[in-house]
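Please read the structure below before turning to the comments.
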Amino acid sequence: MFSEDSLDVFRNAQIYTYRRLNDDQFAFKQLGMMIDETPSILHGEAGDSFDLYALTAYMGKGIKDIITITDKHGDEINWLKIENQYLKQKIKQLEDRMGVA
């Protein structure tokens with residue numbers, strides 16, 4: 001199983017628009033990343049292009065990493081809501097005891 005954290009790669013990745021060297025100046029711009037700015041696990045055998053299957057799988061791993069973080073944050077938010085409600089009740093009880101309106 002591939003367990004490396006992919007998010008730093010995505011966080012630091014630069015996405016470029018470019019034309020190929022042999023394209024004319026009016027050619028449609030491409031969207032992509034620079035091969036030398038990415039982990040070698042994403043490169044094709046020759047090392048001069050991306051293995052699209054690997055890149056897609058890596059992006060899937062990135063999505064899973066984000067889901068893990070989002071789920072953790074959701075759990076933390078729910079606990080904070082419960083704690084906040086409890087603390088509001090405690091404040092209300094203390095105000096009632098002190099006769100504060």
Under a straight-distance cross-link criterion of Cα-Cα below 20 Å, which lysines are reachable from K72, leaving out those fewer than 8 residues away in the same chain?
K61, K64, K81
Taking Cα atoms, how many degrees apart are the long axis of helix 52-98 and the longest axis of the chain, rounded to 10 and kept between 0 and 90?
10 degrees
Selection from F28, L42, N12 lying farthest towards where the dipole of the chain points positive, charges on Cβ:
N12
Taking the Cα of M33, stepping 7 Å toward and past its beta carbon, and measuring to each backbone N in the stretch 63-79: which are under 16 Å?
63-66
At most 11 other Cβ within 10 Å, DSSP loop - chymotrypsin sites (Phe, Trp or Tyr not before Pro), the stretch 8-82:
F26, F28
Of every hundred units of 1.4 Å-probe accessible area on the chain, the number belonging to carbon and sulfur atoms, as a percent, is 58 percent
List V9, V100, ordered by accessible area with a 1.4 Å probe, largest first:
V100, V9
Would you pull out the residues with amide H under 5 Å of H43's amide H, same chain only if 5 or more places away, H placed 1.01 Å from N?
D51
Give me the extension gain from D51 to F2: residue separation times 0.36 nm, minus the current Cα-Cα distance, reported in nm with one decimal.
16.0 nm
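Longest segment of the chain with no GluC sites (Glu not before Pro) in a DSSP loop having at most 14 other Cβ atoms within 10 Å?
On the way: sites that count: E4, E45.
Of all site-free stretches, the longest is 46-101.
Determine the per residue accessible area of the chain with all protein chains present and a 1.4 angstrom probe, expressed in square angstrom.
Spelled out: the 1.4 Å probe surface of the chain, per residue, equals 88 Å².
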How would T70, T38 line up by accessible area, probe 1.4 Å, largest first?
T70, T38
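The values are calculated or read from the model by the stated rules, or taken from the named source; none is laboratory data. Source: prediction; values computed, not measured. All Cβ positions, even for glycine, are placed from backbone atoms using ideal geometry, and neighbour counts span all protein chains on display. These accessible areas exclude ligands, DNA and RNA; they are computed on the full protein's heavy atoms, side chains included. Shrake-Rupley method; radii C 1.70, N 1.55, O 1.52, S 1.80 Å.
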